[in-house]
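S.K.: Just dropping this structure here.
The values are calculated or read from the model by the stated rules, or taken from the named source; none is laboratory data. Nothing here was measured: the structure is a model prediction, and the numbers come from that model. Neighbour counts are summed over all protein chains in view; Cβ atoms, including those assigned to glycine, are modelled from backbone coordinates with ideal geometry. Side chains included, ligands, DNA and RNA excluded: accessible areas come from the protein's heavy atoms. Shrake-Rupley method; radii C 1.70, N 1.55, O 1.52, S 1.80 Å.
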Amino acid sequence: MELYRDVLVRIVERALDVEQTVILDANDLLFYLDAPAPWAPRSKSDRMALHSIAMNVRSADKMCPFVSDLLEWLQDPNWPVAPGCCEQLKRFPEVVINPIRDLLRTSDDDFWMMQLLIFLEHNIEGAMREQAREEVEEMVRNPAEESIDSGTLEAAQDCLSAMNEWRDAATAVAM
């Protein structure tokens, strides 16, 4: 990529002649070339941040500083970085589960909670997902008025169903 530095600088400098997304992408590439360490996305199109994490974060300890920022990008699945954030978060579920539990207990953003529940159901496996059972059961038992209309209650029910299926299968294997 270093070979493209001059071209990227010219794109950024001649901003009036180039579409805005190309300028943002060029800035992200330049930042990547100069960055000494991985970073969390700075904008909804900052895919180079995800690349920096994928290439440089090789352990749960190294992922910890990025978890809360990556979880924030799950607020809207239509943001370009949202799928990449999911991919990075699911690599180290052991450092993701407790922040998700905290958010499920404290967030008042129903749509975000729905996205967290969907992430939990589809990306966190069995025993690790079980750690959030109490929070998910509480959401099903005592749904907030908004959660009924927003789809959050349905997402909590689906997640709880997946938890129950895993628990039943684990119990059957143990017998």
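S.K.: Being of a type in the set (Lys, Arg) and crowded, with 18+ Cβ neighbours inside 10 Å narrows it down to one residue among 129, 141, 167; which is it?
M.R.: 129
S.K.: State all residues of the range 83-126 that are of a type outside the set (Val, Ile, Thr), more than 13 Å from residue 160 (Cα to Cα), assigned to a helix (DSSP H, G or I) and free of Cβ contacts under 8 Å to residues at least 12 places away in the same chain; if no residue qualifies, say none.
M.R.: 83, 102
S.K.: Within the range 43-75, which residues are part of a loop (DSSP other than H, G, I, E, B), closer than 24 Å to residue 29 by Cβ and either among the polar types (S, T, N, Q) or open to solvent by 30 Å² or more (accessible area, probe 1.4 Å) (or both)?
M.R.: 43, 44, 45, 58
S.K.: For the structure I just gave you, tell me whether residue 35 is over 24 Å from residue 115 (Cα atoms), open to solvent by less than 40 Å² (accessible area, probe 1.4 Å) and out of contact with any Cys (no Cβ under 8 Å at 6 or more places or on another chain).
M.R.: Against the criterion (over 24 Å from residue 115 (Cα atoms), open to solvent by less than 40 Å² (accessible area, probe 1.4 Å) and out of contact with any Cys (no Cβ under 8 Å at 6 or more places or on another chain)), residue 35 qualifies.
S.K.: What's the number of the condition residue 108 fails, among (1) surrounded by fewer than 18 Cβ atoms within 10 Å (Cβ to Cβ); (2) in contact with a Gly (Cβ under 9 Å, 6 or more places away or on another chain)?
M.R.: Among (1) surrounded by fewer than 18 Cβ atoms within 10 Å (Cβ to Cβ); (2) in contact with a Gly (Cβ under 9 Å, 6 or more places away or on another chain), residue 108 violates only (2).
S.K.: Looking only at the range 111-126, count every residue that is open to solvent by 20 Å² or more (accessible area, probe 1.4 Å) and β-branched (Val, Ile, Thr) and tell me the total.
M.R.: Total satisfying the criteria: 1.
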